[in-house]
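Peer 1: A single structure is presented below for examination.
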Amino acid sequence: MKNHEVYESWRQEKHQIDVSQNFADQVMKQVYQWEQSRKSPQLKMERLIELISFHPLAKTGLVAAGAVTGIVRLIIMIQAILSNGVVNG
Amino acid sequence: MTEETGIIKAVLEGDTESFRLLVQRYQKPVVRMIANIINDRHICEDVAQEVFLAVYKKLPSFDPARSSFSTWLFTIARNKSINVVKKRRIPSTGNPPEEPDFSEPVDTLIRDELFTKLDRALKSLSPGHRRTLVLAEFENLPYEQIAQIEGVRIGTIKSRINRAKHRLRSALDGIDGGI
C-alpha cells in the first residue's frame, strides 16, 4: 500500500460520520424553546446578555460606559489624593 | 434568489420550521468538522446543536453580500469549536486512537497502524494548522472559503496546508509514494 493510497483511505474514513437521526429534531426543540422564552414578557438577565452580545452597538455602548465610569473614578481618586496632599502639606 | 436565500428569508419572516431544512442540509458537514477539530466524537453533536442554535439567533445579522451562508455557518462552528477546546481544555493529543484488533487480517492491521500514525500526526498539529487541514482535506472547501472562515490570507492557508501535509508525510516515513 503506497503513501498516497493510505492517506486517501484515511481521508475517506475521516469524511464518514454518522449523525443521530433525531439531530434536527433536537435542534428544532431548542430553537422553539428559545423562541418561547423570547416571547415571554419578562426580560431575563440571560436575554439581556444575549441582546448585548449579539448587537455590536450594544457591546460598544457597554464598553464605552465602562471606560467612562473608570475614567471618572480615576479623576475622583486623583482629586481626593491631591486635595489630601494639599491639606496635609 | 437561491433556494437557500429563500429558506433564510422564510425563517426571518417567521416560518421557524423552515430552519429545519438548513439544519438537515448542513448537519453532517458541521458535526464532522467539529468532531475532527475538537477530536471528540462524543460531544461533537452537542456542540453542533449549540452552533445551529447560535446560527438561528444570529440569522437576522447574516449578510449574504459579505459571505455565503455556508462560510458564515462554518465560521460560527469554527469559533464554537475553538471555545470548546479552550473551555474543556481538551488536550491536543485528544482521545487515544483505537488500538489495532489483532484478530483482523494483516492488511487491515497494517492499515489501522498507519491510520493511527496519521491520527497522531493530525492531533500533534497546532490548532490553526489542524483546522485548516480539516476544512481543506475532510470538508473539501476551496482555499478562498477557508481563508474567509479563518480570517487570514490565502497564502497563509496554503502554507498551513503544506506544513500540515509535511507532518503527515513524516508520520508515514518509510512507505513508498507521496501524499
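Peer 1: Express in nm, to one decimal, how much length is gained between A:Ser37 and A:Asn22 on full extension, taking 0.36 nm for each residue of separation and deducting their alpha carbon distance. Could you put the intermediate results ahead of the total?
Peer 2: Details: separation 15, 0.36 × 15 = 5.40 nm, distance 2.27 nm.
Separation in residues times 0.36 nm, less the Cα-Cα distance, equals 3.1 nm.
Peer 1: Looking at the square roots a ≥ b ≥ c of the eigenvalues of the Cα gyration tensor of chain A, which shape do they give, rounded for a/c under 1.5, prolate if a/b is larger than b/c, or oblate?
Peer 2: Here chain A falls in the oblate category.
Peer 1: Continuing with the same structure: Can you compute the charge dipole magnitude of the protein assembly as shown about its Cα centre, using +1 on each Lys and Arg Cβ and -1 on each Asp and Glu Cβ, nothing else charged? Give it in debye, rounded to the nearest 20.
Peer 2: 1340 debye
Peer 1: Under the rule of -39500 (n - 2.57) per DSSP H run of 4 or more residues, summed and divided by the residues of chain A, what mean residue ellipticity at 222 nm is obtained, to the nearest 500 deg cm²/dmol? Walk me through the numbers before you get to the answer.
Peer 2: Details: 4 runs with 73 residues, N = 89.
Dividing the helical sum by the residues of chain A leaves -28000 deg cm²/dmol.
Peer 1: Report the number of Lys pairs in chain A whose alpha-carbons are under 26 Å apart, with separation of 8 or more residues or on distinct chains.
Peer 2: Counting lysine pairs in chain A gives 5.
Peer 1: Another question, then. In degrees between 0 and 90, to the nearest 10, how far off the longest principal axis of chain B does helix B:44-58 point, with axes built from Cα atoms?
Peer 2: The two axes meet at around 30 degrees.
Peer 1: Toward the positive end of the charge dipole of the protein assembly as shown, about the Cα centre and with charges on Cβ (Lys, Arg +1; Asp, Glu -1), which of A:Met77, B:Leu118, A:Met28 goes farthest?
Peer 2: Working it through, the farthest residue towards the positive pole turns out to be A:Met77.
Peer 1: Report ³J(HN,Hα) in whole Hz for each residue of region B:152-157, in order, from the Karplus equation J = 6.51 cos²θ - 1.76 cosθ + 1.60 where θ = phi - 60°; Gly and Pro get x.
Peer 2: Each residue of region B:152-157 in turn: 10, 7, 4, x, 5, 4 Hz.
Peer 1: For chain B, go through all pairs of different Cα atoms, get the mean of 1/r, take its inverse, and jot down that Kirkwood value in Å.
Peer 2: Details: mean 1/r = 0.0560 Å⁻¹.
When all Cα pairs of chain B are included, the Kirkwood radius is 17.9 Å.
Peer 1: A further question follows. With springs only between Cα atoms under 10 Å apart, run a GNM on chain B and tell me which of B:Gly151, B:Gly128, B:Gly14 wobbles the most.
Peer 2: Per the Cα network of chain B with a 10 Å cutoff, B:Gly14 tops the list.
Peer 1: Taking trypsin sites (Lys or Arg not before Pro) that fall in a DSSP loop and have at most 12 other Cβ atoms within 10 Å as cut points, what is the longest piece of chain B between them?
Peer 2: After excluding every exposed loop site, the longest remaining stretch is B:1-65.
Peer 1: Report the dimensions of the protein assembly as shown along its three principal axes from the alpha-carbon atoms, largest first, rounded to Å.
Peer 2: Its Cα atoms span 87, 59, 36 Å along the three principal axes.
None of the figures in this text is laboratory data; all of them are computed from the coordinates on show. Bear in mind that the values here come from a model prediction, so they are computed numbers and not experimental data. Methodologically, a virtual Cβ is constructed for each residue, glycine included, from the backbone with ideal geometry; neighbour enumeration extends over all protein chains shown.
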